[in-house]
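Let me begin by presenting the structure, written as structure tokens, before commenting on it.
Read-outs throughout are calculated quantities, based only on the coordinates presented, and are distinct from any laboratory measurement. Note that the structure is a prediction, hence the values are computed from the model and not measured. Positions of Cβ are backbone-derived with ideal geometry, glycine not excepted, and every protein chain shown enters the neighbour counts.
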Amino acid sequence: MGWVKVSGCVGSDPALRGGGLEVTERMLMVAGLFGVGIEDARGRRLFEDVEIPILPGGIVLITGSSGAGKSTLLRGLRQQLKNALVLEEIDAPTDRVVIDSFTSSLDETLAHLARAGLSEARLLLQSPATLSEGQRFRYRLAQFFAGSSRILIADEFAAILDRVTARVVAYQLGRFIKTSNKTAILATTHEDLVEDLRPTVRVHVGLSGKVSVR
């Protein structure tokens, strides 16, 4: 890992090419908001090329308003980091309960689940597929804690959690990343997570197309 360069071109989803019409700022904002692409014949960009350091033990936090291009930037990073684990794509099986969905020892599994905020016995004995959206988010995070993947990618990190729970989970993830020497690349509209995550790299995407990396 090291510095990763991402092009600001909007994706080329064939279903959303503007129908031959001029691509407007509102279309670009909606594309960014829902994580889809619009192809402009002029090769229009949401932002210029951006270089971001991706380092072990580090957290890259991408912030910005809805529609600014956070998802586009995250998608570009994902395309280059082939071995990254995408949080939203972690399976929530229906054929076994939460506690049986991990390959780690029972003690280790319980520790991973507790770190992610899942420690109620009744939840551990349910199928992951039957959990609420917020509980499934924390289940998936526990799977990352327990797994071998070195890089985690998450869009709209903790957005479906209440803000108190989101901050607790953010703090636990921040501690885990630093002690495990893994890497997390997160996008969010919520600035309240900065203090708890303590990111090593902050990326802000503005609606004007300006991206700052610090």
Computed over the range 56-213: relative contact order in percent, which uses C-alpha pairs under 8 Å that are six or more apart: 42 percent
Interchain or long-range residues, amide H under 5 Å from ILE62's placed H: LEU186, ALA187, THR188, VAL203
Around ILE62: net Lys/Arg minus Asp/Glu count, Cβ-Cβ under 10 Å: +1
Radius 12 Å from Cβ of ARG140, net charge of other residues (Lys, Arg +1; Asp, Glu -1): -2
³J(HN,Hα) computed for each position of the range 51-63 - Karplus, 6.51 cos²θ - 1.76 cosθ + 1.60, integer Hz, glycine/proline x: 10, 10, x, 10, 10, x, x, x, 10, 9, 10, 9, 10
Cα-based Rg / Dmax (Å) for the range 56-213: 15.5, 50
The range 56-213 - charge dipole about Cα centre, Lys and Arg +1 at Cβ, Asp and Glu -1, debye rounded to 20: 540 debye
Exposure proxy ranking, count of Cβ atoms within 10 Å, fewest first, for GLU156, GLU133, GLU195: GLU133, GLU195, GLU156
Relative contact order [Cα under 8 Å, 6+ residues apart], the range 132-214, whole percent: 28 percent
